[in-house]
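The values are calculated or read from the model by the stated rules, or taken from the named source; none is laboratory data. Fair warning: this is a prediction, and the values are worked out from it, not measured in the lab. Positions of Cβ are generated from backbone atoms using ideal geometry, with glycine treated the same way; all protein chains shown enter the neighbour counts. Ligands, DNA and RNA are excluded from the accessible area calculation, which covers all protein heavy atoms including side chains. Shrake-Rupley method; radii C 1.70, N 1.55, O 1.52, S 1.80 Å.
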Amino acid sequence: MILSIQGKTKVGSRESNLSTFGEISSTQPCTPNACKIRCSNTCYPCGITTFIPRSVGANTARELIGWQRQLHQPYYLENYATVALTPEYTRSFRSCRLARTLFCTDCLTFAGSTVNANNNTEVVADNFGLSERFTGTLSIRPRIENDILDFNMFFGLNEFIRGSYLRVHAPLVHTRWSLELDECLPCADKSRGDTTFPDCYMQSDSSTNDTALATPTASSLREALSGEFLFGDMKEPWEFGRFSFCPRNKTGLADIDVMLGYNVIENDFGHAGVYAQVVVPTGNRPKARYIFEPIYGNGKHWELGAGISAHATLYDDTYCNGHVVAVYVEGNATHMFKTHQQRSFDFTHNGLLSRYLLLKEFDIDNNYTGRLINAINFNTRNAEVHIGYKVDLSAKIAWSIGNIMVDVGYNFYARDKERVCIVTDCPCDIDQRRFGIKGVEGVCCIPATVENGEAIISTLPGTSLNSTQSTTTIFNVLPQSHAEIAPNATTACLLYNDQVTPDTSASALPAPLAQANTDATPILISCLDLDPNSAAQCSMISHKVFGHIGYILVDSCYQPHIGIGGEVEFDGKCRHNSLNQWGIWIKGGITF
């Protein structure tokens, strides 16, 4: 299975990693006494349903720069404090890589079921309420921007234990996430096709018209992907996984880092020590309301770990030319405790984006109830998310001459892959309902009388159909379940067809006419069919370079300092799971 892709990444690389958890019965109920269903055991290089980048609070580079001369003071006999404020703006780049992380492509092509022609390269547009003759292309250029105000506080506790200290930092962030969706591409074939679906394809009742069951189609990708467009037997809007054509914003305190440390060595030429660290997760929790929802913080993981802090003076000519060169190292490793989040999942056996397939609802006797839903409402669940470790390490060279300071450094960041466990609410409300995958099956058949080999269409509506397509994907079109009309038949119930109307006869219809399979038994889905791997992020590695130039009033009692700097971060793995971003900041503070 491939998408229309601009680049080298293919959906096949995602589907080739689909993991099976043994034989799964699609009719096995999701029982409340089995709340933890199963957990991910791998991750996909692309096409994940949830993206949570590095927290803006995890940045030892920003913590290390600009104020080193005010910290770790061995000659202070009393307690002292230094506070700093760092406004920063960051913005992601290489948007195509981020798009491929989410969709395995940065350009989605949608085609209706009669245009798709089972070519396995285009999203079947019918699932979104678009015409079966619709064709259109959607460009995806995701972008993340952050406005950060980082509060840093360092308290030297020499009066209590010489060499001990307490550090706290808490970044306030306003984050803007945008998919930058554009369906108005010059290369796109924007023919809209029909404005209604064929009779009995999407609607099985005749509440508005006793002689026709046609239902209006969406007029654009924007309307179809909003999650608000209802059509035919679909009466419920999307509760989750919506595509937003406008930026989404969130504001809040990302994390609060608290570090209690002790310097084993602390003198005029350097220091070396360790600290314990606790991260209080004050950021927001993923809710899966949108496919690319803004997250600030680490996703509500409490963290506990330890770190090192050290520096050594390499050259000191303070009394002659005022030159000082030193090297600084700051780093920590924490364990990220499990947390609960809401995530969307694809079906294990139906592949990428299968969470957007249409579902038929059935009663206890396996009869179609006349209701359709988009699978995103069924496939979004509460989940336990486990992350083993996080590492954030920075090193810099600091040069100062008089009141001027210059820092240049490197940062390494790594985060373990996620282990995602699907959790079923007790009682699990959505699992008390019964669903099967619709595919391109109709919801009813069109009654006809057969005379002299000709079928004459009778009054609509017809018989509801219980047929499903459990093996379909969002990219292919399977044949409808059907049977041939018997030679001696006097009545028939025909499959939906664009050319079948109450005024047509067999001679005007495509041959052979297909009798709908009115005896079909639906293949039901359950929460056991959901793929936990589809929502698990792979391990994350990134590399960052940063620099800062500042000015300090050394002779002042409060030693005020101010400076400007910036950083550029690059994804460190070929899977492109990290965020490529750049940032600029101003940092200033005082000591008292």
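Can you spot a residue in segment 536-546 that is in contact with a Gly (Cβ under 6 Å, 6 or more places away or on another chain), farther than 30 Å from P286 by Cβ and touching a residue at least 12 places away in the same chain (Cβ under 8 Å)? The answer is no, given that none of the residues of segment 536-546 is in contact with a Gly (Cβ under 6 Å, 6 or more places away or on another chain), farther than 30 Å from P286 by Cβ and touching a residue at least 12 places away in the same chain (Cβ under 8 Å).
Can you pull out the residues in segment 283-324 that are among the hydroxyl-bearing types (S, T, Y) and closer than 30 Å to N374 by Cα?
Within segment 283-324, Y290, Y296 meet the criteria.
Residues in segment 276-331 that are among the small types (G, A, S) and either in a strand (DSSP E or B) or in contact with a Cys (Cβ under 6 Å, 6 or more places away or on another chain) (or both): A276, G305, A306, G307, S309, A310, A312, A326, G331.
Take the residues in segment 361-375 that are in contact (Cβ under 8 Å) with a residue 40 or more places away in the chain and not hydrophobic (A, V, I, L, M, F, W, C), then tell me which one is least open to solvent (accessible area, probe 1.4 Å). Per the criteria, the residue is N374. Going through (1) under 20 Å from the mean Cα position of the chain (by Cα); (2) assigned to a strand (DSSP E or B) one by one, F110 falls short only on (1). Here F378 clears all of (1) under 30 Å from T468 (Cβ atoms); (2) open to solvent by less than 10 Å² (accessible area, probe 1.4 Å); (3) assigned to a strand (DSSP E or B) except the condition numbered (3). Exactly one residue out of A414, A448, A398 is open to solvent by less than 30 Å² (accessible area, probe 1.4 Å), within 30 Å of T521 (Cβ to Cβ) and of a type in the set (A, V, I, L, M), and it is A448.
Inspect all residues belonging to segment 39-49 and state whether any of them is surrounded by fewer than 20 Cβ atoms within 10 Å (Cβ to Cβ), more than 22 Å from the chain's Cα centre (by Cα) and in a strand (DSSP E or B). No - not one qualifying residue is present in segment 39-49. When E266 is tested against (1) of a type in the set (D, E, K, R); (2) open to solvent by less than 30 Å² (accessible area, probe 1.4 Å); (3) in contact with a Pro (Cβ under 7 Å, 6 or more places away or on another chain), only condition (2) is not met. Each residue in segment 147-163 was checked for being farther than 30 Å from Y76 by Cα and touching a Phe, Trp or Tyr at 6+ places or on another chain (Cβ under 7 Å), and 1 pass.
Test P510 against the stated conditions and say whether it is modelled with pLDDT of 85 or more, open to solvent by 20 Å² or more (accessible area, probe 1.4 Å) and assigned to a loop (DSSP other than H, G, I, E, B).
Working: modelled with pLDDT of 85 or more: no; open to solvent by 20 Å² or more (accessible area, probe 1.4 Å): yes; assigned to a loop (DSSP other than H, G, I, E, B): yes.
Here the answer is no, as P510 does not meet what is asked.
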